[in-house]
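Have a look at the structure below, then the notes.
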Amino acid sequence: MAAREIALKESNWPAVADYASVRNDTYPSINPAEVDMAGKSVLIMGASKGIGKATAISFATAGCSKILLAGRSDLAEVETAIYDAAIKANRPQPVVHSFKVDVTSEDSVRDAAATATDVLDSSLDVLISNVGYLEEARLLAESEPSEWWKTWEVNVKGPYLTARFFIPLLLESQTKTVINVTSGGAHVMFSGMSSYQTTKFALCRLTEFMNKEYYDQGLIAMALHPGAVKTELSRNVAAERQHRLTDTPELAADTMVWLTRERREWLAGRFVSANWDMGELEHKKEDVVQRNLFKFRALV
């Protein structure tokens, strides 16, 4: 049996990926310059580069009033990019606050939440958990245990700790929205990627739990596939798949603004792909809700 046939039997990812027309770069209907997020606040975990940095710029372009940045690296360059984006979009300068955070450390995330509480006056509209680690591709019996488990520490413990300490702030806001950046890899199995792809699977399920446990209090949690973006994380993607990393970080960033510019309760607890045309997805809202699509279930 050909490798493609085997892959199709293992997963329905091709059907999921093509649920709406595919986009690889940003497009007019998700342009953050056409959005008014004045008065809103956002915290971006993993904001120092790549998708996180692009997301910060998009929220600044949308006029978001308070932008908090968290990451392991220096964030000064991102702060400058935010101010420049606000000026370019003719928006008021946002309040920007940065702090270094180790998302695998309970103390570090707790301290970040305490700082954010003061900066935000105890209310956070949007939380974006954009953290990730991808181990070098190796078969299970050839893997390095510490590296294999580090992927779980970053990709699952990180979003868990972030949710644990920031959900109380979200529940005090009007928007109450979480986006956990996952991957289409949650739906497929590539040999040598057992840790990364299972963590992204787990993150989708964790997102469903966030929604289940706090939906009655108004929380909306979504798991977002950001597209196939060439970032620092993707350096461990197999050489034969590198040519597929052609999506822009701005596609994911502008999609996140679109997803959070208003409360989208019909997407609560669901997997969403940034590659989908969001206007087309919205037109399929009734189908998504009626068939309860994009949640992890066993087919019978």
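Quick look at the values:
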item: Those residues of segment 40-55 whose amide nitrogen sits under 14 Å from the label point placed on T115, 7 Å along Cα→Cβ; result: 43-48
item: Dimensionless Rg over Rh [segment 1-107; C-alpha; Kirkwood]; result: 1.15
item: Length released on extending from S11 to K285, taking residue separation times 0.36 nm less the Cα-Cα span; result: 96.3 nm
item: Gaussian network model of the chain, Cα within-10 Å springs - most flexible of A38, A54, A85; result: A38
item: Chain lengthening between A38 and L139 when straightened (0.36 nm per residue, less Cα-Cα); result: 31.5 nm
item: For q = 0.11 Å⁻¹, Debye-computed log10 I/I(0) when each Cα of the chain counts as one equal scatterer; result: -0.62
item: Calculated Rg and Dmax of segment 129-201 using C-alpha coordinates, Å; result: 14.5, 48
item: Taking L124, L203, L259, L171 and counting other C-beta atoms within 10 Å, the order from fewest to most; result: L171, L259, L203, L124
item: Cut-off of 10 Å, at most 11 other beta carbons, DSSP loop: longest stretch of the chain lacking such trypsin sites (Lys or Arg not before Pro); result: 1-290
item: For the chain, calculated [θ]222 nm from helices alone, where every DSSP H run of n ≥ 4 adds -39500 (n - 2.57); result: -12000 deg cm²/dmol
item: Pairs from K53/K212; K66/K200; K53/K176; K150/K176; K100/K295; K53/K285 whose Cα-Cα separation, in the structure shown, is over 26 Å; result: K53/K212; K66/K200; K150/K176; K100/K295; K53/K285
item: Positive minus negative residues near L43 (Lys, Arg vs Asp, Glu; Cβ under 10 Å); result: 0
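Any read-out appearing in this document is the output of simple, stated calculations on the displayed coordinates, not a laboratory observation. Small disclaimer: the values here were computed from a predicted structure and weren't measured. Here the Cβ is made from the backbone with ideal geometry for all residues, glycine too, and neighbour counts use every protein chain on show.
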